[in-house]
Amino acid sequence: MFRFVKPLIAACALTAGLVHAAFPERPITLVVPYAPGGAADAVARVVATRLGIKLGTSVVVDNKAGASGTIGASFVAKAPADGYTMLYDATPHSINPHLFPKMPYASNALQPLSLVMLAPNVLIVRADAPFKNVGDLIAKAKAQPGKINFASGGSGTVQRLAAELFRQQLGLDMVHVPYKSGGPAITDVMGGQVDFMFGTVAATYPHVSGGKLRALAVSAPERSKRLPDVPTVAEAAVPGYEAFEWNGVFLPAGTPAPVATQLQQALQDVMKEEEVKQRLADMGAQPVGSTPADFAAFLKKEDAKWGEVVKKGNIKLD
């Protein structure tokens, strides 16, 4: 009878090891490399709450803002690859490598987990501007080179690069006016100090619906459900034009495949929930929830696009 003792002990030890290795055993930290209250932070908190419920643990949002998101991204890149520290990043992730002389973490230090959402920008002008459509704006810019100016929340922001892509594809001579954030930039567009800007749907919609701004076009390939009567830039004037705000989740490179798969599947389920879809729709965003491979392919395209825009426009950080 004693010949069964060792196999029994081994089986018990294996079972104990499997139980101990169950994931997650403790709260997960979702690092948002931007300040509280911003667009990425708002979506991250919705996702974190629902993801925590799905995983049966707490998912705690930790804002580590600074240096266009590279401080928080660097923190996660150097964190243990165990699934308990995730990065919730946005479009600057694809822009920063082309602006910073040296990134604080290696390009392969983070692994893509899932694309969370896509949101268009909106080309806005003041409500009483002489530009009734995108064609009017382009005509004025061509007729008076260097006289039309556009605002942004800073030189390396998506809003700046969306306008720069617009300018480059049309070969226009326009002047960039950088602000410290998007709020003051929108205020000056409303006041007529600046001719136009590309802003988020969430930030601009209240002013558009309130009659203080006019929306000329959205930057996505399809019209926004929040602004169904506003054409896309592509259909209005620039075929092929496309500029998104995106959010996605990353893990430290080397995270065990079973853990990464569990997190990705849970995140994909969260993005299908009606409550989440409605919350994002209210922000003018489209939920995604992708595979790591699809997210990696998306990032490759974003990197190439914004790298070319930065180089061609000789864009530097403020």
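The values are calculated or read from the model by the stated rules, or taken from the named source; none is laboratory data. Keep in mind that what you see is a predicted model, and the values were worked out from it rather than measured. Here Cβ is always computed from backbone atoms with ideal geometry, including for glycine, and neighbour counts include all displayed protein chains. All accessible areas refer to the heavy atoms of the entire protein, side chains included, with ligands and DNA or RNA removed. Shrake-Rupley method; radii C 1.70, N 1.55, O 1.52, S 1.80 Å.
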Helices (runs of 4 or more DSSP H) within the stretch 1-81 that include 3 or more residues open to solvent by 60 Å² or more (accessible area, probe 1.4 Å) and at pLDDT below 95
5-20
Exactly one condition in (1) within 18 Å of V116 (Cβ to Cβ); (2) touching a residue at least 12 places away in the same chain (Cβ under 8 Å) is false for V233; which is it?
(1)
Residue match in the stretch 52-59 (condition: of a type in the set (V, I, T) and in contact with a helix residue (DSSP H, G or I) (Cβ under 6 Å, 6 or more places away or on another chain))
yes
Given the condition hydrophobic (A, V, I, L, M, F, W, C), surrounded by fewer than 18 Cβ atoms within 10 Å (Cβ to Cβ) and more than 25 Å from A293 (Cα to Cα), answer yes or no: does some residue in the stretch 147-155 qualify?
no
So which pairs qualify, if the first residue must be in the stretch 160-189 and surrounded by fewer than 14 Cβ atoms within 10 Å (Cβ to Cβ), the second must be polar (S, T, N, Q), the Cβ gap must be under 7 Å, and the two must be at least 6 apart or on different chains?
V175/N149
Among the listed residues G248, G307, G254, G313, identify the single one that is within 15 Å of the chain's Cα centre (by Cα) and in contact (Cβ under 8 Å) with a residue 60 or more places away in the chain.
G248
Among the residues of the stretch 218-240, the number that are in contact with a strand residue (DSSP E or B) (Cβ under 8 Å, 6 or more places away or on another chain), in a loop (DSSP other than H, G, I, E, B) and open to solvent by 30 Å² or more (accessible area, probe 1.4 Å) is 5
Got a sec? Which helices (runs of 4 or more DSSP H) wholly within the stretch 124-204 have at least 2 residues that are at pLDDT 95 or above, closer than 19 Å to T232 by Cα and among the β-branched types (V, I, T)?
134-143
Let me spell it out: the conditions are (1) small (G, A, S); (2) modelled with pLDDT under 95; (3) open to solvent by 20 Å² or more (accessible area, probe 1.4 Å), and A106 meets all of them except one. Which number is the exception?
(2)
Counting only residues in the stretch 264-304 that are over 23 Å from I28 (Cβ atoms) and polar (S, T, N, Q), the one surrounded by the fewest Cβ atoms within 10 Å (Cβ to Cβ) is identified as Q278
Mind checking which pairs have a first residue in the stretch 109-121 that is more than 23 Å from S152 (Cβ to Cβ) and a second that is among the polar types (S, T, N, Q), Cβ under 7 Å, 6 or more apart or different chains?
Q111/T255; L113/Q264; S114/Q264; S114/Q268; S114/S290; L115/S290; V116/N247
Of all residues in the stretch 224-251 being of a type outside the set (A, V, I, L, M, F, W, C) and in contact with a Pro (Cβ under 7 Å, 6 or more places away or on another chain), which is farthest from L172 (Cα to Cα)?
G248
Is there any pair linking a residue in the stretch 65-81 that is farther than 12 Å from F100 by Cβ to one that is assigned to a helix (DSSP H, G or I) and open to solvent by 10 Å² or more (accessible area, probe 1.4 Å), with Cβ under 8 Å and at least six apart or on different chains, and which?
A65/I71
